[in-house]
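This report refers to the structure that appears directly beneath it.
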Amino acid sequence: MSHSKDQIKHDLSDLDSDFIRVLEDLIDALIANGVLRLTDLPPQAMAKLSERKRTRRRLQGALDLIDDEDTLL
């Protein structure tokens, strides 16, 4: 079965998104283990990484239906 060019581009885009997340997790692990400092990254990389983290936190907050302080009965 042959995939269309659009499908291949979509698949590649999905793989890129997953790979970016892997790289973010790797950077976080290297920082947590003291192997890398955030300031070791070029300023543009630091800015992009910080913006992705802020955006993910906002998205996560928007998806939280119950506040952490709320208790379930």
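Values in this text are rule-based calculations from the coordinates and carry no lab data. Remember, predicted model here, so these are calculated numbers, not experimental data. Cβ coordinates were reconstructed from backbone atoms using ideal geometry, including for glycine residues, and neighbour counts include every protein chain displayed.
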### Query
Using modelled amide H (1.01 Å from N, peptide plane; none on Pro or chain starts), what sits under 5 Å from the amide H of Leu41, excluding residues fewer than 5 places away?
none
### Message
What distance in nm lies between label points placed 7 Å from Cα along the C-beta direction at Lys48 and Gln7?
### Response
3.0
### Query
Given H placed 1.01 Å from N in the peptide plane, which residues other than close sequence neighbours of Leu36 have an amide H under 5 Å from its amide H?
Ile31
